[in-house]
Every structure is written in C-alpha cells, then in structure tokens.
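To start, the structure under review is shown below, and the notes come after it.
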Amino acid sequence: MSRIYNSVYFTYNVNVTTSIDMTLMGKSYPPSQGSFRDDARKFVDPVVEFLRNANAPLLLNVYPYFSYSSNPGQISLPYAMFAAPNVVVQDGSYQYRNLFDAMVDSVYAALDQIPGRPDQSSIRIVVSETGWPSAGGFGATTDNAATYLRNLIQHAKTGTPRKPLPIETYLFAMFDENNKNPELEKHFGLFSPNKQPKYQLNFGTSDISAETNVTTSSLISEM
C-alpha cells in the first residue's frame with residue numbers, strides 16, 4: 001500500500017534592524033545639516049548600508065523632552081509638545097512647528113550623507129521610542145505628558161516636512177517602573193505600577209481612559 005504525504009512549508013519574513021538615539025548626532029540644527037558624529041561613522045555607516053540592502057528600517061529613539069528640559073531657554077515648551085502656533089524653524093523650504101519633526105529630519109539628512117546605493121534616501125526611520133515623563137524632572141507633569149502623547153498620536157499620521165508620510169511610532173512605556181532606576185526614568189508609563197491609566201488617550205478605535213480603565217487594542221507601546 002502506497003501513501004502520499006503532503007508537506008506544508010511556511011515562509012516567514014524576519015526583519016533585522018537596530019536602534020540608535022540622538023546622542024550619535026554631531027549636528028542636528030538646522031535639520032537639513034544633520035550629521036552623525038565623526039567617531040560614530042565607523043560603525044553607523046556599515047549598519048545603515050546593511051539596512052538599505054536588506055530593505056529594513058532604522059529604529060530611532062526620539063525624546064524632545066530631554067532637549068527641552070536641558071535647554072528651556074532656547075527650546076519652548078509648545079515647540080517640544082507639538083503646540084507651537086507658528087513656524088519656529090525655517091530651514092530652506094522646510095518649516096518646523098515641533099521639535100520631534102526637526103529631530104527626525106536631522107537624522108534623515110545624516111543618513112543621506114552616508115555613501116550607498118543611488119536611492120540611499122530610501123531607508124525608512126521607525127520611531128522605536130518616544131514619550132514624556134509625568135514626574136521626576138523639570139517640565140515632567142501629568143498634563144504635559146498627556147498633551148505630548150495626544151498631539152503625537154495625531155501628528156504621526158502626517159509625517160515630517162522632509163518625509164510627509166505616516167511615521168510608524170512606538171510609545172515608551174506601557175507602565176511606570178517601580179524599581180531602583182533614576183527617578184525620572186520611572187515616570188514614562190501610560191499606566192501607574194498598579195495598572196491604573198494616568199490620563200485619557202484616544203487611538204482612533206478606543207481609549208485609554210482613567211474613568212473607564214479601558215485599554216485600546218491598537219496601542220503600540222514599549223513594555
């Protein structure tokens with residue numbers, strides 16, 4: 001008796017990437033002149049070229065809070081929280097009303113300086129971390145954190161002046177940390193350690209609400 005066995009093969013796409021932050025930037029202002037530090041180029045350049053060849057994104061951690069809190073005399077709170085009423089930075093044909101866009105576009109400009117394929121600017125940036133603390137430092141309040149995140153959620157749909165496309169963005173973090181980390185780092189969570197939401201956020205399909213304790217299924221967040 002002969003038997004015929006059917007074999008089923010599953011193919012999975014495995015994405016490979018890495019994350020960087022703004023400390024690798026040697027220059028970020030104006031955004032069009034963004035460049036990586038000279039001492040970082042020796043490892044950033046080959047990583048970027050690999051990601052281009054693999055058609056994979058570069059993950060970028062973007063925290064306007066730290067730029068604002070370390071230099072409030074030069075960076076206004078509305079500019080850091082997507083709330084500036086007018087253009088703050090005019091960079092050639094690009095107009096910036098928020099620091100988030102300026103930071104992301106400065107990295108795009110830096111990427112364009114790295115030799116590679118003719119379509120070198122095709123590499124995509126994914127914002128792997130961003131957020132605003134609700135306590136623990138200068139300008140770190142629940143109201144400011146809620147304002148930043150609400151405005152970010154709306155703004156991510158439109159992209160930056162240099163790349164006017166939706167930005168894949170991940171929020172940091174889901175929960176406040178109840179550990180020995182520095183005080184500021186404990187307060188980036190959307191939820192307190194007791195799992196209670198700190199403010200209401202609308203992600204389009206449902207809310208994170210302090211009143212209803214409902215969490216959205218569409219939330220993208222760093223745990």
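Side notes on the structure shown:
- Residues in the stretch 195-206 include at least one that is farther than 19 Å from ASN61 by Cβ, modelled with pLDDT under 90 and surrounded by 18 or more Cβ atoms within 10 Å (Cβ to Cβ).
- Test for ALA140: is it in a loop (DSSP other than H, G, I, E, B), touching a residue at least 60 places away in the same chain (Cβ under 8 Å) and of a type outside the set (S, T, N, Q): yes
- Residue within the stretch 52-63 that is surrounded by fewer than 17 Cβ atoms within 10 Å (Cβ to Cβ), assigned to a helix (DSSP H, G or I) and at pLDDT below 95 present: yes
- Test for GLY92: is it under 30 Å from VAL47 (Cβ atoms), surrounded by fewer than 19 Cβ atoms within 10 Å (Cβ to Cβ), at pLDDT 95 or above and not hydroxyl-bearing (Ser, Thr, Tyr): yes
- Count of the stretch 170-184 residues, restricted to those that are surrounded by 13 or more Cβ atoms within 10 Å (Cβ to Cβ) and touching a Pro at 6+ places or on another chain (Cβ under 8 Å), is 4.
- Which numbered condition GLY137 misses (of (1) touching a helix residue (DSSP H, G or I) at 6+ places or on another chain (Cβ under 7 Å); (2) crowded, with 20+ Cβ neighbours inside 10 Å): (2)
- For the stretch 155-169, residues that are touching an Asp or Glu at 6+ places or on another chain (Cβ under 6 Å) and exposed (fewer than 15 other Cβ atoms within 10 Å of the Cβ) total 0.
- Against the list (1) under 21 Å from GLY34 (Cα atoms); (2) in a loop (DSSP other than H, G, I, E, B); (3) at pLDDT below 95, the condition SER121 fails is (2).
The values are calculated or read from the model by the stated rules, or taken from the named source; none is laboratory data. Values in this document were obtained by computation on a predicted structure and should not be read as measured data. Cβ atoms come from the backbone with ideal geometry, glycine included; neighbour counts cover every protein chain shown.
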